Amino acid sequence: MSLAAEAFVSQIAGCRGPERTISRIKQSAEPWPENATLYQPLREDQILLSDCASSLAVQAYLRMCNLPVHVSCRSNAEYMSPSGKVPFVHVGNQVVSELGPIVQFTKAKGHSLSDGLDDVQRAEMKAYMELVNNMLLTAELYIQWCDDTTATEISRPRYSSPYSWPLNQILAYQKQWEVRRKMNAIGWAGKSLEQVYEDVSQCCQALSQRLGTQPYFFNKQPTELDALVFGHLFTILTTRLTSDELGEKIKSYSNLLAFCRRIEQSYFEDSQAGSSSRGYSKGPSLF
C-alpha cells in the first residue's frame, strides 16, 4: 500500500472514530454474562494435543480474569468456529476464537491482566507469546500430523472418531494434508523429530530463564503470557503420546514444573469443588 493510500485509510478510520468509541464504551459497559460458553472438540475421544493446549490456555486466562465460562464439548466445534480454529467463546451475541482475539475482547469489556505493564514489558510479553506459538504450538502440530507413528496411532483415529466411514478417513487425511502443507510453508517439513524436540527444549530454556524464581513471568501477577505457557506446558505434561520425549524436555526445568503446579493450584483446584456453580470444568492434574 502506498503512503497516500495509507494516509487515506487513516483519514477514513479517523472519521469513524466517534462511532468506534461509542461502540467500545457500549461493549465495555455490558457485564460478563453467566452463560458465557467455551466450545472445544470432544474431550475424551476427539481433542488433540494442540487444541487441548489452546483451550486450556483460554480457560486459564478467563479464570485469571475471574470470568466464568461453561465448557461445551462438540464434535463439530472446529466447523462452528468463525476462524476454523478452537477454542472459541460465545459471549452474549459475540463469537470470538483463539486466545489473542479473546484477550482483546475481554479488554474491551474492562478485563485485562496486562494493564499494569509498561510499554517495554508489554512488547517483551508479546515476543514471548510469539515464541510459544511459533515453537511449542508448531511442534505439537508437527508431532501430531508429521510423525507417522503418532498420526497413525493417535491423531487420525481421534480426529475422525465422531464420524463414520468414509467421511472419517476423508476428514483425517484432509487435516493431515493441511498441516503438512503448513509445515512445508514455514520450513518445518524437512525437520526430524529429534530436531523438533531440540526446538522445544530451547524454547523451554528461554521460558525458564525469563521466569527465573518469580511466581509468574512478570513477577507477582499473571498475564496472558502465563495463561498461554501454562496451557501448552500443562497439556504436554498430562497428555499420553507415543513417546515421553516431549514431556521430558519440560521436566528438565524445575521452575517450569513449579509454575504449572502453582497455576493449577491457584486457578483450577479451588474452583473444582464449585465447578457447577461457576461453570468450570475439572481438568487433568499434575498430582
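What to note about this one:
- Any pair with Cβ under 8 angstrom, 6 or more apart, that starts in the stretch 49-61 at a residue that is touching a residue at least 40 places away in the same chain (Cβ under 8 Å) and more than 20 Å from Leu113 (Cα to Cα) and ends at one that is assigned to a helix (DSSP H, G or I) and of a type outside the set (S, T, N, Q): Leu49/Glu140; Leu49/Ile143; Leu49/Ile236; Ser50/Leu137; Ser50/Glu140; Ser50/Leu141
- Taking the stretch 130-244 as the region of interest, the helices (runs of 4 or more DSSP H) fully inside it that hold 2 or more residues being of a type in the set (A, V, I, L, M) and free of Cβ contacts under 8 Å to residues at least 40 places away in the same chain are 167-185.
- The selection criterion, being open to solvent by 20 Å² or more (accessible area, probe 1.4 Å), at pLDDT below 95, at negative phi and of a type outside the set (Lys, Arg), holds for Gln221.
- Residues located in the stretch 72-84, provided they are under 15 Å from the mean Cα position of the chain (by Cα) and either among the β-branched types (Val, Ile, Thr) or in a loop (DSSP other than H, G, I, E, B) (or both): Ser81, Ser83, Gly84
- Identity of the residue in the stretch 245-263, under 19 Å from the mean Cα position of the chain (by Cα) and free of Cβ contacts under 8 Å to residues at least 40 places away in the same chain, that ends up nearest to Gln144 (Cα to Cα): Gly247
- Residues that are over 29 Å from Leu136 (Cβ atoms) and open to solvent by 50 Å² or more (accessible area, probe 1.4 Å) were ranked within the stretch 29-57; the one that is modelled with the highest pLDDT is Asn35.
- Within the stretch 85-119, being in a strand (DSSP E or B) and surrounded by fewer than 17 Cβ atoms within 10 Å (Cβ to Cβ) holds for Gln94, Val95.
- Scan the stretch 105-160 for residues that are of a type in the set (Val, Ile, Thr) and within 17 Å of Gln195 (Cα to Cα) and the total you get is 5.
- Filter pass, Gly212 being small (Gly, Ala, Ser) and open to solvent by less than 10 Å² (accessible area, probe 1.4 Å): no
The values are calculated or read from the model by the stated rules, or taken from the named source; none is laboratory data. Everything numeric in this text was worked out from a predicted model, so none of it was measured. With ideal geometry, Cβ positions are generated from the backbone for all residues, glycine too; neighbour counts draw on all protein chains shown. Surface areas here come from the heavy atoms of the whole protein model, side chains and all, with no ligands, DNA or RNA. Shrake-Rupley method; radii C 1.70, N 1.55, O 1.52, S 1.80 Å.
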